[in-house]
Amino acid sequence: MSSSPPASAATPLVVPRPVSMTVGPGGFTLTGQTHIAAGPRSQAVAAALAAYLRPATGFPLPVVSGPGGGGDIRLELGETSELTPGQAAEGYVLDAGPEGLSVAAETEHGLFNGIQTIRQLLPAWIESRTTVRGPWTIPSVHVVDHPRYGYRGFMLDIARHFQTPGTVMRLIDEVSAYKLNTLHLHVSDDQGFRIVIDGFPKLTDIGGQGSVGTDGRTMDPGGFWTQQDYRDVVAYAAAHFMSVVPEVDSPGHNNAIIMSEYDDSANKLLDGHPHDINCGAHDPPQWNFTGDVGHSAMCPESENTFAIYDAIITQLAAMSSSPYFHVGGDEVPSTVLSQDRYAAFLNAEMPLVTAQGKTVMGWAELAGPGTEPPAGSVAEYWNPASGDHPDTASAREAAAKGMKIVMAPANHTYLDLKYVAGPDGDVPPGLGLSWACELGCDVDDFYDWDPGGYVTGVTDQDVIGVEGALWSETVRDLSEIQYLVFPRLIALSEVGWTPESARDYAGFLPRLAAQGTRLTLAGTNFHPTPQVPWRLDLAASPDVRAVHGEVDGTVAFLSAPGVPVASITVSIDWGDGSTSPGTVDGTPATPTSVNSPYTISGSRRYTSPGVLDVTVTVSAPGLPDAVVRIPPTG
Ligand code: TNX
C-alpha cells in the first residue's frame with residue numbers, strides 16, 4: 001500500500017484553465033530515475049523545471065540533452081501541428097502518460113508556459129520547500145494551450161513605497177507561475193524616484209529618500225536601485241519570460257523629480273535655471289509624502305523638463321526588455337495644466353520614446369483631445385466605468401486614435417484595493433484603498449468581467465491584454481504586497497489567458513482553492529478570502545517509523561488556509577486497531593498574514609512487531625475531511 005498524496009491525480013486543477021485538456025486512464029509518475037531531456041535551446045527551461053521539482057521530491061532530475069527515454073520528461077522545441085501560427089508565440093502541447101511526459105512548443109516561452117502547467121498537474125505538495133513523500137503522479141492528459149491575450153501584466157509601484165530588487169524577484173517567481181508575461185514597474189511618482197539616472201544623481205539622492213508615510217509617520221524609509229540592480233531584475237524577469245515595462249509618470253505625478261531638479265542649477269545638462277520645470281500647484285514646490293494626487297506637474301514650455309525626461313527615457317529604454325515604455329499621463333487636473341498644455345507635453349515627450357525604438361504606452365488619458373500618439377501606441381484603461389458610461393470615453397478615444405488597449409479597470413484589477421470586509425470590518429484595517437470598490441473588491445470582481453466587452457465599442461480587435469496594478473500608498477513590504485496580490489491576481493491571470501467561452505466562476509473556484517495549498521507551501525502570503533472554498537490538504541511526512549516500538553513526532557503536514565488550529569480535529573489510526581488524537585502546530589494567521597502550513601504529530605507505543613499503515617484523518621467545520629495513508633519507512 002502506498003501513500004496517496006492529496007490533490008487527487010484524477011482532476012487536474014490548473015489555473016489559468018488551459019484551452020483544451022483531455023484526461024485519460026493511467027498517468028505519468030515522476031521518480032528518482034526521471035531525466036529531463038531537452039535540446040540545446042531548451043536547456044534553461046529544463047533547468048528551471050528541475051529547480052521547481054527538486055525540493056519537494058528530493059529527486060536528482062538531471063537535465064540531459066537528446067531525446068530522452070521511457071519515463072522521462074521531454075521538452076521539444078519545434079513545429080507543433082496543433083498550434084496555429086497565431087498561437088505559437090506562447091502556446092504549448094503537453095502529453096502525459098505511463099510512457100512519459102512531453103511538452104512541445106515553437107518557442108522557449110511556450111515551453112516555459114508548459115512547465116508551469118506541469119507544476120500544477122502534479123500534487124500541490126510539489127511546492128513544498130522540504131521533501132514530502134510521493135508518489136508524484138500526473139494523470140494521463142493531452143493539453144493544447146495558448147493565451148487569449150499577448151499582454152498579461154502585473155504592475156508594481158515601487159515609487160510610493162520602495163521595494164528591493166530581491167522583493168521584486170520573488171514576486172516574479174510567484175506571478176510567472178500563473179503565466180503572466182509582463183512586469184510593469186512604476187518607478188517614479190510624487191513621493192519617490194527609484195532608479196539611478198546618469199547625469200542626474202539628485203534624482204535618486206534627493207528623490208529616493210522617502211516613501212509615503214504610514215502609521216502616523218510623515219515619511220517611510222525610501223531607497224533606490226542602481227542601474228545594475230535594474231538590469232538584474234530585467235534579466236531575472238527574462239529568465240521567467242516576463243518583459244519589464246518601465247513607467248516614469250508625466251506630466252504629473254512627478255513631485256520627486258521636481259524636488260530633485262528644481263535647484264539643480266549646476267547641472268551641465270540643464271540651462272542653469274531649472275526652476276522653470278515646476279508647473280505644479282505649489283511654488284516653490286514642497287515634499288508631500290501623503291497619498292495626495294494631482295498637485296505636481298512639469299512644464300511643457302521648459303527645455304529643462306525634456307532634458308531630464310530624455311535622459312530618463314533613453315537610459316531606462318536601453319535597459320528594458322519590453323517593446324513598450326510607459327509615460328504615465330494620468331491625473332493632471334486642468335487647474336494645474338490645461339488640456340492644451342497637457343497635450344503639448346505628451347506630444348513633445350512621445351517622440352523621445354519612439355526615438356529609442358520603443359512603443360509609447362500610457363494611461364488612457366493619453367488619448368484625450370489634442371494628443372497625437374504614434375501609430376500602435378498603447379492606452380491602459382483604468383477607469384472603473386463600463387458600457388457606454390461617459391467616463392469610458394478615454395477607451396473609445398484611444399481606439400479611435402488607432403491605439404491598442406490594455407484593460408485595467410480599477411474595480412476589476414487594482415490589487416491595492418481592499419478585499420470585501422468581513423463581519424468584523426476591513427481585513428486588514430489600514431492596508432488598501434477603497435475608492436473604486438466601496439464594499440471591497442474580491443476574487444469575484446477580479447474574475448467576472450470580460451476585457452473585450454467591457455467598454456461599448458472597444459473589442460478584442462483593440463484590446464491586447466489585461467493588467468493587475470499594485471499601487472503602494474498603503475503597502476510597505478513583501479508580505480503586505482502578497483496579501484493583496486493573492487489570490488486576486490490568479491483570477492486575473494485566467495481572464496487574460498483563457499478564452500471567454502471556457503471561463504465560469506463556479507468552475508474556477510475549486511481550481512483557485514487548490515492554489516491555496518501551493519501558496520501556503522511556497523511561503524507566499526495571501527488573503528484566505530471566504531469567497532473561496534479553501535480545502536484541507538494533507539501529505540505524509542517522509543519519515544514515519546517506529547523506534548523501539550514507538551512512533552513519536554511528526555506524521556503528516558497539513559495545508560488549511562484560513563482554518564485556525566483550534567477548529568481542527570485530528571484522528572490517527574495507528575494500523576493496529578488503536579486510534580488517538582493528533583496535535584496540530586503552526587503559526588496562526590494575523591490580520592495581514594495567512595496561517596502557516598501545520599505539522600501533525602502523535603505518538604503510539606506498539607505492543608507487537610509489525611509493518612503497518614498509519615492513517616491520518618483531519619476534519620474542520622464545513623470542509624471535507626482530508627485523509628492520508630502513511631506506509632512505514634525503515
Ligand atoms: C489612481 S490609476 C492612480 C494612482 C493611485 C491609484 C490608487 C492611476 C493611473 N493613477 O496614482 O496610486 O489610483 O488606487
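Bear in mind these aren't lab numbers, they're just calculated from the coordinates by the rules spelled out. Just so you know, these numbers come straight off a predicted model, no measurement behind them. Cβ: placed from backbone, ideal geometry, glycine included. Neighbour counts: every protein chain shown.
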Taking all pairs of distinct Cα atoms, average 1/r, flip it, and tell me the Kirkwood hydrodynamic radius of the range 9-130 in Å to one decimal place.
14.5 Å
What's the local net charge at Lys202, with K and R +1, D and E -1, over the other residues with C-beta under 15 Å away?
-3
Rank-order 594-603, 531-540 by packing density, defined as the average count of other C-beta atoms within 10 Å over each peptide's residues, highest first.
531-540, 594-603
On each of the three principal axes of the Cα atoms of the range 105-189, give max minus min coordinate, whole Å, ordered largest first.
50, 33, 17
How far, in degrees from 0 to 90, does helix 303-319 lean away from the longest principal axis of the Cα atoms of the chain, to the nearest 10?
30 degrees
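What does the net charge come to around Ser386 if you take all other residues with beta carbon closer than 13 Å to its beta carbon, with K and R at +1 and D and E at -1?
My count for the surroundings of Ser386 gives -4.
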So what's the Cα pair-distance distribution over the range 495-538, bin width 10 Å, in %?
24, 48, 26, 2
About the Cα centre of the range 537-630, how large is the charge dipole given +1 on each Lys and Arg Cβ and -1 on each Asp and Glu Cβ? Please answer in debye to the nearest 20.
40 debye
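Could you tell me the relative contact order of the chain? Use alpha-carbon pairs under 8 Å, at least six residues apart, and round to a whole percent.
The normalised contact order for the chain reaches 12 percent.
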Place the peptides 250-261, 518-529, 281-292 in order of packing, highest mean first, counting for every residue the other Cβ atoms within 10 Å and averaging per peptide.
250-261, 518-529, 281-292
Take the Cα coordinates of the range 174-239, assign each an equal point scatterer, and use the Debye formula without solvent to give log10 I(q)/I(0) at q = 0.15, 0.21, 0.26 Å⁻¹.
-0.60, -0.91, -1.06
Percent antiparallel among DSSP beta bridges with both residues in the chain, to the nearest 5?
55 percent
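When you count, for each residue, the other Cβ atoms within 10 Å and take the mean per peptide, how do 499-506, 111-118 rank with the highest first?
For the peptides 499-506, 111-118, the packing ranking is 111-118, 499-506.
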May I ask for the distance between the Cα centers of the range 13-29 and the range 366-410, given as a whole number of Å?
38 Å
When Lys and Arg each count +1 and Asp and Glu each count -1, what net charge do the other residues less than 12 Å away from Gln227, Cβ to Cβ, add up to?
-1
Measure nothing fancy, just the Cα-based angle from helix 488-497's long axis to the longest principal axis of the chain, in degrees from 0 to 90, nearest 10.
80 degrees
Volume per residue that the Cα convex hull of the range 65-209 spans, once the total is divided by residue count, Å³
174 Å³
Under 22 Å, Cα to Cα: Lys pairs in the chain, sequence gap 8 or more or different chains:
4
Using alpha-carbon positions, what is the distance between the centroids of the range 430-508 and the range 523-568, in Å?
30 Å
Looking at the range 253-361, which trypsin sites (Lys or Arg not before Pro) are DSSP coil and have at most 13 other C-beta atoms within 10 Å of their C-beta?
Lys268
Volume of the Cα convex hull of the chain, divided per residue and given in Å³
157 Å³
Using the reciprocal of the averaged 1/r over all distinct C-alpha pairs, how large is the Kirkwood radius of the range 537-630 in Å?
13.7 Å
